[in-house]
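The values are calculated or read from the model by the stated rules, or taken from the named source; none is laboratory data. Here the structure is a predicted model, which is why all the values come from computation and not from measurement. Every residue, glycine among them, receives a Cβ derived from its backbone with ideal geometry; neighbour counts consider all protein chains shown.
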Protein chains: 2
Amino acid sequence: MEEERALAAFAALSQETRLRIVRRLIQAGPDGLAAGALGEAVGAATSRLSFHLTHLEHAGLIRSRRDGRFIIYTVLYPAFTDLIGFLLRDCCQGHPEICAPALKMLACEPTATETA
Amino acid sequence: MEEERALAAFAALSQETRLRIVRRLIQAGPDGLAAGALGEAVGAATSRLSFHLTHLEHAGLIRSRRDGRFIIYTVLYPAFTDLIGFLLRDCCQGHPEICAPALKMLACEPTATETA
DNA sequence: CTATTGTTTCAATATTACTTGAGAGGTTGA
DNA sequence: TCAACCTCTCAAGTAATATTGAAACAATAG
């Protein structure tokens, strides 16, 4: 990921309504959420919501598809892992013990201890 | 991490000079870098640099200590893992297969295949 | 085709943030 | 103490971004 895209992504995430939208969509998963449902979830009226959704889409963090009268938004997971990768690239040169343990805490098994 | 701190962190990272500073400091590790060296590395003159360093410090992403005539800046690694954790929290509810593999790509062993 | 629901566009306003240059505050070595 | 060095503070000008309400656009159900 190049700098320009990373800057756009961080700018998109630095606004209250947009950050809430993104977190809500990350929780929602691949099925996504309609604009209206999102607006209720994050507490934003229609025109404001639309403005921020467009912003997020331009930043490459979410995508939209029409389903009947609804427009469904979903998060683009790779955009986030790319972003994190860009930020932390080469963080371990000489010091892998510093950030590696911290990143491992992010492993996605919050309650799944009996999976194996 | 609460929303307000996350917003401050993303805002701090959404500016070219500041993003460069942070990435440079992440690479530099715990030894940190003096303000002057940072300024040269990211291409910013003194007053502008100072402005952005203060911003980053207020956002809780870096810290400073004086060493003789120099002021040394270091990155606060936990702030970044907290931030990533806040963003991706509950991303796996029902869909752990989506983000877990992506996050594992971030593991910090770029060239260290002979360590063990 | 008309009414209804869901969403976007537009323009005006208010708010917030960045850059620049000059000057000042500490710290060190002679 | 003086001179040199490193870094910060301040104020002014400029630019970018968010909010609001009204109106338009698109799709569906009756």
Anything in region B:59-85 that is within 13 Å of DNA strand C (Cβ to nearest atom) and either touching an Asp or Glu at 6+ places or on another chain (Cβ under 8 Å) or more than 14 Å from chain A (Cβ to nearest Cβ) (or both)? List them, or say none. B:SER64, B:ARG65, B:ARG66, B:ASP67, B:GLY68, B:ARG69, B:PHE70, B:ILE71, B:ILE72
Inside region B:1-24, can you point out the residues that are of a type in the set (A, V, I, L, M, F, W, C), free of Cβ contacts under 8 Å to residues at least 60 places away in the same chain and within 13 Å of DNA strand D (Cβ to nearest atom)? B:LEU7, B:ALA11, B:ILE21
Output the number of the condition that B:GLU57 fails; it satisfies all remaining conditions of (1) within 13 Å of DNA strand D (Cβ to nearest atom); (2) over 23 Å from B:ALA11 (Cβ atoms); (3) surrounded by fewer than 17 Cβ atoms within 10 Å (Cβ to Cβ); (4) not aromatic (Phe, Trp, Tyr). (2)
Residues of region A:20-54 being within 14 Å of A:LEU76 (Cα to Cα) and crowded, with 18+ Cβ neighbours inside 10 Å, which ones? A:ILE21, A:VAL22, A:ARG23, A:LEU25, A:ILE26, A:GLN27, A:ALA28, A:GLY29, A:GLY32, A:LEU33, A:LEU53
Any residue in region B:1-17 that is within 12 Å of DNA strand C (Cβ to nearest atom), hydroxyl-bearing (Ser, Thr, Tyr) and more than 8 Å from chain A (Cβ to nearest Cβ)? yes
Every listed condition ((1) at the interface with another protein chain (Cβ under 7 Å from one of its Cβ atoms); (2) touching a Cys at 6+ places or on another chain (Cβ under 9 Å); (3) at pLDDT 60 or above) holds for A:CYS108 save (3)
Test of understanding: among A:ALA28, A:ALA44, A:ALA37, which residue is more than 10 Å from every other protein chain (Cβ to nearest Cβ), away from DNA strand D (no atom under 14 Å from the Cβ) and small (Gly, Ala, Ser)? A:ALA37
